[in-house]
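Undergrad: Starting off with a structure, shown below.
What follows draws every value from the coordinates through simple rules; no lab data is involved. All values reported here derive from a predicted model rather than from experimental measurement. Here the Cβ positions follow ideal geometry from the backbone for every residue, glycine too, while neighbour counts run over all protein chains shown.
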Amino acid sequence: MELIQLTPHLDVDPSQPLRTPGDILLHAYLIPHALNPARLARRTGIPAHHLKALIDGTRPIAPKAAIRLSLALDTTAFYWLALQARYDLERAKPLLHARRAIVE
C-alpha cells in the first residue's frame, strides 16, 4: 500500500512562504514544547551545535538527522527531508533563471 504517490508533478503549495526547516523546527516544535537545542540534543542524539546550525539555517537537514527528529517529535523523516528539498529548490531557482538568460 502506498501512502503517498510520488509523481513527476508532485509539488508543494506555492502560496506557503518559504521557510528554512530550522525555522519550522524552532517555531512549530521547540518553542511550543518549551524545548531548547540542548534538550532536543539529548532526545535525538544530534549534537546541540548541529541543532543550532539547523535552526540558524547554516546546516541542512541530512537523512540521519531527519530520522532522529522524526522519532523525537512524532513526525516522519520524509517531512523533514521534504522541507529541506523545498527550501533547496527554491533557493536554486534564481541560479536556473540566470543560466537560462545566459543561454538565450
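Undergrad: Looking for whichever is closer than 19 Å to residue 91 by Cβ and among the charged types (D, E, K, R) here; the options are 43, 59. Which one fits?
TA: 59
Undergrad: What's the number of the condition residue 67 fails, among (1) over 17 Å from residue 19 (Cβ atoms); (2) of a type in the set (A, V, I, L, M); (3) in contact (Cβ under 8 Å) with a residue 60 or more places away in the chain?
TA: Condition (3) is where residue 67 drops out.
Undergrad: With the requirement that a residue be surrounded by 15 or more Cβ atoms within 10 Å (Cβ to Cβ), free of Cβ contacts under 8 Å to residues at least 40 places away in the same chain and of a type in the set (Ser, Thr, Tyr), what does the range 1-51 give you?
TA: 44
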